[in-house]
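Structure record follows, encoded as structure tokens.
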Amino acid sequence: MTQDLVASFLGRRAADGHPWPLAADGLAPILAAHLDAGRAAWPDVVVDPERFADHIARRLAPDAGADALVGLRGADLYLARACADGDPVAIAAFEVRYFNEVDIASARMRAARDLAAEVKQWLRHTLFVGDDARAPAVADFAGRGDLRGWVRVTAVRELQRLLGKQKREVAVDDEGFLDALLPAHDPELSYVRERYRQELQEAVKVATAATSARDRALLRYSAFDGLSIDEIGALYGVHRATAARWLASAREGILQRTRAELARRLGMDTPEVDSIIRLVQSRLEVSLERVL
């Protein structure tokens, strides 16, 4: 088997135009040691040995020598290769071992739980889902540093991006919020605006606060980021029909909670509240985008 490892390694280096500059007789024990490390660290994960050797050859720099090969983190590369191949056991093990880095970084940066959940979902898509244009990003892990640190840096960068995006968003004051929800130039809506100004505003805020992290993320992806149903489905690794159902459920849920909260605040029964909701429903999504 060790000779197969060597042949695969050398073949990949030659095919990529970076032939191994040293004698091949020292390769076998190094490659075997990396393979053994991977199997010991992840006993439930299976990677074809020759594919693993090929992967190692790809990750080394063009001018790498024996020291660089010895210094690779074989166990981490082993798991990364399995995850890039879509192995569900490997992906589950990866998340259990490393995704707590998102929570740690989120706590240090005082980010909301919603952002931590969003970063984890982004990581799942970025690291483990490839497309015609690129392979899963976990395949790019070079093995020169540890995998935990690599995940930590990736998570922190995405958290910083999302926090920066939040800071750039202009807060909407009470008057601006009502302008979006109930335009003053519409006579019918103007009456509702003046009659139920505070109640409508607070009802929407309460409804969004009670929305789950996933539903808030779905609404944000759709309303803010302009993602299509197909893109949201790919992000979550589900069929577009499932993504469409989730998004419809999220929208309906927040509308129902707004209706219930408004009925409570106004002391009205549902039919009366519905007549108000029908007046403002077309504007409701605009206001929800601002709250979210």
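What does the net charge come to around residue 51 if you take all other residues with beta carbon closer than 14 Å to its beta carbon, with K and R at +1 and D and E at -1?
-1
Multiplying the sequence separation of residue 23 and residue 63 by 0.36 nm and subtracting their Cα-Cα distance, what value in nm do you get?
Between residue 23 and residue 63, full extension yields an extra 12.9 nm.
How large is ³J(HN,Hα), in whole Hz, for each residue of region 252-263 in order, when computed from phi with the Karplus curve 6.51 cos²θ - 1.76 cosθ + 1.60 and θ = phi - 60°, using x for Gly and Pro?
Working through the residues one at a time gives 5, x, 6, 5, 5, 5, 5, 4, 5, 5, 5, 4 Hz.
How long is the gain from residue 134 to residue 206 if the chain were fully straight, where each residue apart is worth 0.36 nm and the alpha carbon distance is subtracted?
21.8 nm
Show me 202-213, 17-28, 76-87, 48-59 ranked by packing, highest mean number of other Cβ atoms within 10 Å first.
Most protected by this proxy first, the peptides run 76-87, 48-59, 202-213, 17-28.
Read the figures in this text as sums done on the coordinates, not as results from a lab. Worth saying up front: this structure is predicted, and the values here are computed from it rather than measured. Glycine gets a Cβ as well: all are built from the backbone with ideal geometry, and neighbour counts include every protein chain shown.
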